Amino acid sequence: MKPIITSKDLVLYYDTFKALRGISMEIPEKQITAFIGPSGCGKSTFLKTLNRMNDLVPGVRVEGEVLFRDEDIFAPSVDVTTLRRKIGMVFQKPNPFPMSIYDNIAYGPRLHGTHSRAELNELVETSLKGAGLWDEVKDRLKKSALGLSGGQQQRLCIARALAVQPDVLLMDEPTSALDPASTMRIEELMATLREQYTVVIVTHNMQQATRISDKCAFFLLGEMIEFGDTEQVFSMPKDKRTEDYITGRFG
Ligand SMILES: Nc1ncnc2c1ncn2[C@@H]1O[C@H](COP(=O)(O)OP(=O)(O)OP(=O)(O)O)[C@@H](O)[C@H]1O
Ligand SMILES: [Mg+2]
């Protein structure tokens, strides 16, 4: 299968600190890829590099290559706003905008030039349905998004990401601030997203990685130690360090 994102010898410095030490991997399309590894190993850094969120951090320098559908994302011709529309992001802490549920979802499409009321209505409904939130909010679309529960807010953020019709969703520990029931809802949601989108998720929860992901990459100290089918990585890790981590010997 053709990868949707390919990283080749990717090195990233925060000033003089080398946070990524040559990451090469191919992220398959329409699958869920999980990044695991101890705190500080570079999971978020690598994830944020994939849609150039790190551009916003002063002192960041990148070497190597990241291809999105064969296009170098660091090429001068690349429009970063378009790239981030195609490769969306959901963060650890739900971060709805302080506006209505409807306007949260319509925000991205409006920014990208959709202003027709009918089209926006349609996008809001399909995105909220896609994120499994429609039934809970369809009667209060004009109410503030800040009145939703944490789990609902996170699904709203997923809906907001879906509203601009991305190809890839990057998720950095999207359930770590949620209770078990909300976590389960999001995990169920991810299984449905996989039919249409490529999902890359960072998680500290090994059970979650085994439950939801097709592929799994283990990171350690800025390196990617192992990458393979999740089942293989967890049942028969090739590297001793992966084994030590997943069996809880460190991290
Ligand atoms: N903005 C920054 N400036 C300088 N160093 C940074 C910055 N962001 C991250 N780092 C450093 O880069 C390394 C990788 O950090 P990163 O946040 O990618 O780790 P992580 O694997 O996501 O960890 P966690 O599991 O705790 O979220 C760490 O040593 C971190 O201190
Ligand atoms: Mg992180």
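Tell me, please, whether a residue that is more than 16 Å from ligand 1 (Cβ to nearest atom) and assigned to a helix (DSSP H, G or I) can be found in the stretch 161-176. Looking through the stretch 161-176, at least one residue is more than 16 Å from ligand 1 (Cβ to nearest atom) and assigned to a helix (DSSP H, G or I). Is the stretch 55-65 home to any residue that is surrounded by 15 or more Cβ atoms within 10 Å (Cβ to Cβ), within 25 Å of Ser44 (Cα to Cα) and more than 21 Å from the chain's Cα centre (by Cα)? Checked against the condition, which is being surrounded by 15 or more Cβ atoms within 10 Å (Cβ to Cβ), within 25 Å of Ser44 (Cα to Cα) and more than 21 Å from the chain's Cα centre (by Cα), the stretch 55-65 yields at least one hit. If the condition is being outside any helix (DSSP H, G or I), surrounded by 13 or more Cβ atoms within 10 Å (Cβ to Cβ) and hydrophobic (A, V, I, L, M, F, W, C), then the stretch 66-105 contributes Val66, Leu67, Phe68, Ile73, Phe74, Val78, Ile87, Met89, Val90, Phe91, Phe97, Met99. Every listed requirement among (1) under 22 Å from Thr192 (Cβ atoms); (2) not in a helix (DSSP H, G or I) is met by Thr114 save one, (1). Reported count of residues in the stretch 41-65, each being within 16 Å of Met25 (Cβ to Cβ) and either part of a loop (DSSP other than H, G, I, E, B) or in contact with a Phe, Trp or Tyr (Cβ under 6 Å, 6 or more places away or on another chain) (or both), is 5. The residues of the stretch 124-145 that are of a type in the set (Gly, Ala, Ser) and within 24 Å of the chain's Cα centre (by Cα), listed by number, are Ser127, Gly130, Ala131, Gly132, Ala145.
For (1) in contact (Cβ under 8 Å) with a residue 60 or more places away in the chain; (2) among the aromatic types (Phe, Trp, Tyr); (3) touching a Lys or Arg at 6+ places or on another chain (Cβ under 8 Å), each residue gets a yes or a no:
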residue: Lys142; (1), (2), (3): no, no, no
residue: Gln154; (1), (2), (3): yes, no, no
residue: Ala161; (1), (2), (3): yes, no, no
residue: Pro166; (1), (2), (3): yes, no, yes
residue: Leu170; (1), (2), (3): yes, no, yes
residue: Ala177; (1), (2), (3): yes, no, yes
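Taken over the stretch 1-22, the criterion of being at pLDDT 95 or above and not in a strand (DSSP E or B) is satisfied by Asp15, Thr16.
Given Thr114, Thr82, which one is among the β-branched types (Val, Ile, Thr), over 26 Å from Val62 (Cβ atoms) and out of contact with any Pro (no Cβ under 8 Å at 6 or more places or on another chain)? Before the answer, list the steps.
On the way: Thr82 fails: over 26 Å from Val62 (Cβ atoms).
None of the others qualify; the one that does is Thr114.
One residue stands out among those in the stretch 23-35 that are under 13 Å from the mean Cα position of the chain (by Cα), more than 17 Å from Leu10 (Cα to Cα) and in a strand (DSSP E or B): the one that is nearest to ligand 1 (Cβ to nearest atom), which is Ala34.
If the condition is being within 16 Å of ligand 1 (Cβ to nearest atom), touching a residue at least 24 places away in the same chain (Cβ under 8 Å) and among the β-branched types (Val, Ile, Thr), then the stretch 1-22 contributes only Val11. Residues that are in contact with a Leu (Cβ under 8 Å, 6 or more places away or on another chain) and closer than 15 Å to Val66 by Cα within the stretch 4-26 comprise Ile5, Thr6, Ser7, Lys8, Leu10, Val11, Leu12, Leu20, Arg21, Gly22, Ile23, Ser24, listed in sequence order. Counting just the residues of the stretch 200-248 that are more than 18 Å from the chain's Cα centre (by Cα) and of a type in the set (Lys, Arg), which one comes out surrounded by the fewest Cβ atoms within 10 Å (Cβ to Cβ)? So the residue we want is Lys240.
Just one of the listed residues (Leu128, Leu146, Leu189) is touching a helix residue (DSSP H, G or I) at 6+ places or on another chain (Cβ under 6 Å), in a helix (DSSP H, G or I) and on the phi < 0 side of the Ramachandran plot, namely Leu128.
Annotation note: Cβ proximity below 6 Å between a residue of the stretch 200-218 that is modelled with pLDDT of 95 or more and a residue that is more than 12 Å from ligand 1 (Cβ to nearest atom) and aromatic (Phe, Trp, Tyr) (sequence gap 6+ or interchain) occurs for Thr210/Phe234; Ala217/Phe227.
Once the stretch 5-54 is narrowed to residues that are more than 16 Å from ligand 2 (Cβ to nearest atom) and closer than 15 Å to Cys216 by Cβ, the residue that is surrounded by the most Cβ atoms within 10 Å (Cβ to Cβ) is Ile32.
The values are calculated or read from the model by the stated rules, or taken from the named source; none is laboratory data. Note that the structure is predicted; figures quoted are calculated from it, not measured. Note that we place each Cβ from the backbone using ideal geometry, even for glycine, and neighbour counts take in every protein chain shown.
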